[in-house]
Amino acid sequence: METPAAPHDPAAEPTTPDSPAPSGTPVSAVTITVGSPDAMRELGLALARRLRPGDLVMLTGELGAGKTTLTRGLGAGLGVRGAVTSPTFVIARVHPPLGTGPALVHVDAYRLGGGLDEMEDLDLDVSLPDSVVVVEWGDGKVEELSDDRLHVLIDRATGDTADEVREVTLRGIGARWTEADLASLAR
């Protein structure tokens with residue numbers, strides 16, 4: 001996976017404990033070019049090794065961008081039970097760990113119009129401390145769950161194209177991601 005040179009983004013620079021970033025400000029960021037669905041799954045596997053209980057991961061991208069494919073890799077990397085599929089019609093699926101790791105809570109907020117109030121019945125705030133919670137289409141809906149979150153933006157060519165190349169931008173937000181080595185995922 002190659003990373004193209006990106007323009008300097010001061011908001012993406014890590015902060016020090018003496019100067020914490022304001023809530024919502026990325027403290028670490030990297031953009032990765034992914035060339036196939038298999039590579040997207042591999043990125044999920046690699047990212048899973050950096051996740052821990054209590055992590056909130058927000059996935060943003062067009063329909064068919066690869067959000068569920070990335071989540072399949074996360075599930076495999078976390079060693080959870082059950083096939084990771086899109087939870088569009090059930091809203092949320094819980095995949096318990098096969099071993100001692102955290103459960104994966106996979107949420108699809110696409111059909112939910114409101115913010116966190118509408119998602120309250122899912123009890124994500126209860127699941128979050130012991131699980132890795134991955135929310136597709138969560139922008140504007142779940143940010144209140146945690147000041148610390150990983151926002152994954154997946155860009156793909158739109159229109160009538162068979163292009164499988166994706167640009168995946170990972171933005172760690174909050175103190176949890178200050179020391180995260182997201183850049184190593186681009187190697």
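The values are calculated or read from the model by the stated rules, or taken from the named source; none is laboratory data. Because the structure is predicted, anything quoted here is derived from the model rather than measured. Quick reminder, even Gly has a Cβ in these numbers, built from the backbone with ideal geometry, and neighbours come from all protein chains shown. Areas reflect the complete protein model, heavy atoms only, side chains present, ligands, DNA and RNA absent. Shrake-Rupley method; radii C 1.70, N 1.55, O 1.52, S 1.80 Å.
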Quiz prompt | The one condition in (1) surrounded by 15 or more Cβ atoms within 10 Å (Cβ to Cβ); (2) at negative phi; (3) touching a Gly at 6+ places or on another chain (Cβ under 9 Å); (4) not aromatic (Phe, Trp, Tyr) that residue 39 fails to fulfil | solution = (3)
Practice problem: Determine the pairs where a residue that is closer than 13 Å to residue 170 by Cα and in contact (Cβ under 8 Å) with a residue 24 or more places away in the chain, located within region 42-58, has a partner that is among the hydroxyl-bearing types (Ser, Thr, Tyr) and open to solvent by 10 Å² or more (accessible area, probe 1.4 Å) with Cβ atoms under 6 Å apart, the partner being 6 or more residues away or on another chain. | Solution: 56/146
Quiz item: Which ones in region 53-84 are touching a Lys or Arg at 6+ places or on another chain (Cβ under 9 Å) and in a strand (DSSP E or B)?
Solution: 56, 57, 58, 59, 60, 61
Practice problem: Please determine, by comparing only the residues of region 150-168 that are at pLDDT 90 or above and open to solvent by 20 Å² or more (accessible area, probe 1.4 Å), which one is farthest from the chain's Cα centre (by Cα). | Solution: 165
Quiz prompt | Boolean, residue 59 is modelled with pLDDT of 75 or more, in contact with a Leu (Cβ under 8 Å, 6 or more places away or on another chain) and closer than 21 Å to residue 157 by Cβ | solution = yes
Self-check item: Filtered residues of region 42-52 (kept if open to solvent by 10 Å² or more (accessible area, probe 1.4 Å) and either in contact with a strand residue (DSSP E or B) (Cβ under 6 Å, 6 or more places away or on another chain) or in a helix (DSSP H, G or I) (or both))
Solution: 42, 45, 46, 51
Quiz item: Regarding residue 127, is this residue among the hydroxyl-bearing types (Ser, Thr, Tyr) and at pLDDT 85 or above?
Solution: no
